[in-house]
């Protein structure tokens, strides 16, 4: 039996593409294991799949000053030692990494043991964690054609991003019942990523008086970002985070307002949901979401707005415009010849383990 170790974490976007690969790899007889941080979101997401999970120490590698910059390198070194010990015991045929800082000690430890590593970069340009892993990776999967220009030609493979099959099997009626919505008004789904998006949350809540005249809103607002004053607001339903019911909420949604994390927007495109993307501003990021959003906008998949230029009034106008022109975006996404990401990546894994 072939054995594969997955790694990746910090946000759901570094975990859910891994999860999308589990079913077919299980069918092919792979023994699957997962290495993540001690108590990161990846641990909570993986536990439902009954896959052996191993926690290691991890630290964030930052481009800016932070007092933790003095201590986190030691956590990374500790994580490398722990990962190497785990890998020596498991002796996997291959390691697959979806990124995030927990992946750096795992991939580096695997390389030191001559275990081949395949890594996946969802964003337009590689993040710092993947940049540290690229030199020792056997293959690098990417999501955007433009990314190929930033990767070694002999390693890069355009695969797209794996999307969980269960997301396509949502039930609209279950979503309406969960939110206590009616079928008389269209539904906006607002999602800011697994950690939430404070800027989008504020804009949506400030826009509620006007938006609720024409729409119902399901708002996935992030951990500890529920507004208790709005818990009983008619037509407005909040969740911190959604797991199994996400497919039903997507099925219910007529349009989506979202950040522009690569995994999130690929799920939205796969489900053909007209969307308004509000990328994380450059001042608060390395600008990857802005590039992701521009790519989707240029392909006709998305409407894009700059958070710094949005007011509640402008947001309401854009949402109405999106809703009334929604078929244009649906058509563009339907006409896109998407790759079979899962099969492509599994073929890479199979070829690597032969």
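The values are calculated or read from the model by the stated rules, or taken from the named source; none is laboratory data. The model shown is predicted, which means the values in this text are computed figures rather than measured ones. With ideal geometry, Cβ positions are generated from the backbone for all residues, glycine too; neighbour counts draw on all protein chains shown.
Observations on the structure shown:
- Subset of the stretch 126-162 (residues that are in contact with a strand residue (DSSP E or B) (Cβ under 6 Å, 6 or more places away or on another chain), crowded, with 18+ Cβ neighbours inside 10 Å and not in a helix (DSSP H, G or I)): 137, 139, 140, 141, 142, 151, 156, 159
- Residue match in the stretch 311-329 (condition: exposed (fewer than 12 other Cβ atoms within 10 Å of the Cβ) and at pLDDT below 95): no
- When residues in the stretch 191-215 are screened for being in a loop (DSSP other than H, G, I, E, B) and either over 27 Å from the mean Cα position of the chain (by Cα) or not assigned by TED's automatic domain parsing to the domain that holds residue 313 (or both), 3 of them pass.
- Scoring residue 213 on the criteria (1) buried (at least 22 other Cβ atoms within 10 Å of the Cβ); (2) farther than 20 Å from residue 305 by Cα leaves a single failure, condition (1).
- Hey, residue 181 part of a loop (DSSP other than H, G, I, E, B), outside the structural domain of residue 56 (by TED's automatic domain parsing), crowded, with 17+ Cβ neighbours inside 10 Å and touching a strand residue (DSSP E or B) at 6+ places or on another chain (Cβ under 9 Å) or not: yes
Residues are listed down the side, and each one gets a yes or a no for (1) crowded, with 24+ Cβ neighbours inside 10 Å; (2) part of a loop (DSSP other than H, G, I, E, B); (3) touching a residue at least 12 places away in the same chain (Cβ under 8 Å); (4) touching a helix residue (DSSP H, G or I) at 6+ places or on another chain (Cβ under 9 Å):
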{"site": "217", "(1), (2), (3), (4)": "yes, no, yes, yes"}
{"site": "225", "(1), (2), (3), (4)": "no, yes, yes, yes"}
{"site": "234", "(1), (2), (3), (4)": "no, yes, yes, no"}
{"site": "238", "(1), (2), (3), (4)": "no, no, yes, yes"}
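- Verdict on residue 188 being at pLDDT 95 or above, under 21 Å from residue 279 (Cα atoms) and under 22 Å from the mean Cα position of the chain (by Cα): yes
- Each residue in the stretch 329-342 was checked for being without any contact (Cβ under 8 Å) to a residue 40 or more places away in the chain and assigned to a helix (DSSP H, G or I), and 2 of them qualify.
- Criterion violated by residue 125 - all others in (1) free of Cβ contacts under 8 Å to residues at least 12 places away in the same chain; (2) in contact with a helix residue (DSSP H, G or I) (Cβ under 6 Å, 6 or more places away or on another chain) satisfied: (1)
- Criterion (closer than 22 Å to residue 271 by Cα, under 24 Å from the mean Cα position of the chain (by Cα) and surrounded by 20 or more Cβ atoms within 10 Å (Cβ to Cβ)) met by exactly one of 244, 248: 248
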